[in-house]
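A short worksheet on the structure shown next.
The values are calculated or read from the model by the stated rules, or taken from the named source; none is laboratory data. Nothing here was measured: the structure is a model prediction, and the numbers come from that model. Counting neighbours? That spans all protein chains shown, and the Cβs are built from the backbone with ideal geometry, glycine included. Just so you know, the surface numbers come from the protein's heavy atoms only, side chains and all, with ligands and any DNA or RNA stripped out. Shrake-Rupley method; radii C 1.70, N 1.55, O 1.52, S 1.80 Å.
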Amino acid sequence: MMTSLYRQRALLGVLVMRDLKARYRGTFLGYLWSLLNPLLLLAVYTIVFTFVIPARGATTVPYPLFLFAGLLPWMFASGALLDSAVVLADNGPLLKKVVCPPEVFPAVTVLSHLIHHLLALPVLLIAIAVAAGLGELRFPWTVVLLPVALLLWTVPVAGLSLAVAGLAVHFKDLKDLLHNLLNLFFFLTPIIYTVSQVPAGILRRSVMANPVAPLVEIYRGVVLLGQVPPLGTWLWAVLVAVVFWSLGAFLFGRLRETIAETV
């Protein structure tokens, strides 16, 4: 699967640019929305959780930044997965008329959302720098590990996107089911809270066993908290990435030959 995608890297680049242009076609601000959307989101969180509902949590940094640093990678992953559920159906005519490997389209979806994530990152980093300048936190020099944290998100998201895209061709209602599953996993993942705030017992063990939890902990730790998570968290995240990619690639490979006929 990886060899096929590498051979099609030129086509991937063309299709990613097509997707990005189509997303903002006809808009006045164009690509600026990639910066404005997260900026407005951060502004809303800051106002709500500072003045309307002051957050009382176990965070050592401003809560709006804590929440935003967890939401950014989650929005990348959930957006890529939901779009993957329709990407093959949307490109059905291209699949039937042109000799084009179907795995290219889920990969394009993941890369497009990754680019949007990268365009939103300056908003988070500037906000962290401003907070550091105001003395509310120390600037996290562990941010140099951010590429590793992003890789640990991208690999499993790519694998799951392959699985979702392949299954959605045969099960049309998968996107609705996936939407509800993502809502469930959102609240089982330490995004809006810390693990220490979860009552001890089966609930805390469920949160810690969530395969998305180490990805969030690593990302937020290096980009905001200035902490390098323990080795166990890194190993758990690597295992999640390898298993999800392997399962997704295997499942898509089994369904690959029937995709063009079914869409």
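Would you tally the residues in the stretch 129-156 being open to solvent by less than 10 Å² (accessible area, probe 1.4 Å) and assigned to a helix (DSSP H, G or I)? Before you say what the answer is, go through the steps one by one.
Filtering the stretch 129-156 down to residues open to solvent by less than 10 Å² (accessible area, probe 1.4 Å) leaves 131, 140, 149, 153, 156.
So of that shortlist, the ones also assigned to a helix (DSSP H, G or I) come out as 131, 149, 153, 156.
Result for the stretch 129-156: 4.
Do you know which residues across the stretch 83-116 are touching a residue at least 24 places away in the same chain (Cβ under 8 Å), of a type in the set (Val, Ile, Thr) and open to solvent by 30 Å² or more (accessible area, probe 1.4 Å)?
If the condition is that a residue be touching a residue at least 24 places away in the same chain (Cβ under 8 Å), of a type in the set (Val, Ile, Thr) and open to solvent by 30 Å² or more (accessible area, probe 1.4 Å), then 86, 115 are the ones that fit.
Return the residues of the stretch 176-195 that are among the hydrophobic types (A, V, I, L, M, F, W, C) and closer than 14 Å to residue 210 by Cα; say none if nothing qualifies.
Within the stretch 176-195, 181, 182, 184, 185, 186, 187, 188, 191, 195 qualify.
Among the residues that make up the stretch 174-183, is at least one of them touching a residue at least 40 places away in the same chain (Cβ under 8 Å), surrounded by fewer than 17 Cβ atoms within 10 Å (Cβ to Cβ) and among the basic types (Lys, Arg)?
no
Pull up the stretch 184-236, narrow it to residues that are basic (Lys, Arg) and farther than 17 Å from residue 72 by Cα, then point me to the one that is surrounded by the fewest Cβ atoms within 10 Å (Cβ to Cβ). Lay out the reasoning, then the answer.
Filtering the stretch 184-236 down to residues basic (Lys, Arg) leaves 204-205, 220.
Checking which are farther than 17 Å from residue 72 by Cα leaves us with 204-205.
Values: 204: 14, 205: 11.
Only one residue fits best here, namely 205.
Please specify each residue of the stretch 58-90 satisfying the condition of being in contact with a Leu (Cβ under 9 Å, 6 or more places away or on another chain) and not in a helix (DSSP H, G or I).
Answer for the stretch 58-90, where residues must be in contact with a Leu (Cβ under 9 Å, 6 or more places away or on another chain) and not in a helix (DSSP H, G or I): 59, 60, 61, 62.
Suppose we filter the stretch 91-126 for residues that are among the charged types (D, E, K, R) and either in a helix (DSSP H, G or I) or modelled with pLDDT of 90 or more (or both); how many remain?
Step one: filter the stretch 91-126 for residues among the charged types (D, E, K, R), giving 96-97, 103.
Pick out the ones that are also either in a helix (DSSP H, G or I) or modelled with pLDDT of 90 or more (or both) and you get 96-97.
Within the stretch 91-126, residues that are among the charged types (D, E, K, R) and either in a helix (DSSP H, G or I) or modelled with pLDDT of 90 or more (or both) number 2.
So, restricting to helices (runs of 4 or more DSSP H) that lie completely within the stretch 199-263, which ones have at least 2 residues that are among the hydrophobic types (A, V, I, L, M, F, W, C) and farther than 30 Å from residue 62 by Cα?
Numbers: elements: 202-209, 213-220, 231-262.
The qualifying helices (runs of 4 or more DSSP H) are 231-262.
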